[in-house]
1. Would you mind checking Lys86/Lys147; Lys72/Lys94; Lys122/Lys147; Lys86/Lys144; Lys122/Lys153; Lys94/Lys153 for any pair whose Cα atoms are more than 25 angstrom apart?
2. Could you compute the net charge surrounding Ala34? Neighbours are other residues with a C-beta less than 15 Å from the C-beta of Ala34; K and R count +1, D and E count -1.
3. Using only C-alpha positions, report the orientation-averaged shadow area of the convex hull of segment 37-160, nm², one decimal.
4. How about segment 89-124: which trypsin sites (Lys or Arg not before Pro) there are in a DSSP loop, with at most 15 other Cβ atoms within 10 Å of their Cβ?
5. Of all GluC sites (Glu not before Pro) in segment 29-71, which ones are in loop regions per DSSP and have a Cβ with at most 15 other Cβ atoms within 10 Å?
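Bear in mind that the values in this text are calculations on the coordinates, not laboratory data. Predicted model, so just to flag it, every value in this text is computed and none were measured. Glycine gets a Cβ as well: all are built from the backbone with ideal geometry, and neighbour counts include every protein chain shown.
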Amino acid sequence: MKKLVFLLPFLVLACNQIPKNTEVMAEEPVVAQAIDVAAEVEAINQLRASFQQTIKEKRYDDLGQYATADMKGVSPGSEDWLEYRKQREERLGKFSYDSIIMTPQETVIASDSIAYDYGTSKVYYTNDKGESVELQDTFIVILKKDKEDNRWKIHREVASAIVE
């Protein structure tokens, strides 16, 4: 045991020695790419405006261009939203907003490919009696920048009927 204790420091030192003919290379520093936050926020504002306009024009088939292929969302579960979903199902599940007005309170660029948008919205639809109905919610949307077209897209969305 005494021999092992005596040899251990020498082994540690020997393992930590760098041979004289070995060159030590410093890693190149990773250079973070500067993000033009104002430009990215403006791109998200344009996405939101185009999304709202597409709904207003009832071009529901075009809505897919605003979302990632694996987009997931959770809509509010209040009685008025459940009634909307019931009527939507009766229309064979077709999207049926007449319009949406989104009012962002906070848009944050987390990186060059991830951002989030938080705010409130008012959704309008026509019910089965022909009446215009307004629904309100608070939302948070996680956005991802598409690598192919370099555009922001909705990746996740969670909304609550509690409006703050």
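1. Values: Lys86/Lys147 36 Å; Lys72/Lys94 17 Å; Lys122/Lys147 31 Å; Lys86/Lys144 30 Å; Lys122/Lys153 20 Å; Lys94/Lys153 21 Å.
Pairs exceeding the cut-off: Lys86/Lys147; Lys122/Lys147; Lys86/Lys144.
2. Details: positive: none; negative: Asp36, Glu40, Asp112.
Taking every Cβ under 15 Å from that of Ala34, the sum is -3.
3. Values: hull surface 30.0 nm².
That works out to 7.5 nm², a quarter of the Cα hull's surface.
4. Numbers: sites: Arg91, Lys94, Lys122; in loops: Arg91, Lys94.
Filter output for segment 89-124: Arg91, Lys94.
5. Numbers: sites: Glu40, Glu42, Glu57; in loops: Glu57.
Passing both the DSSP loop test and the Cβ count: Glu57.
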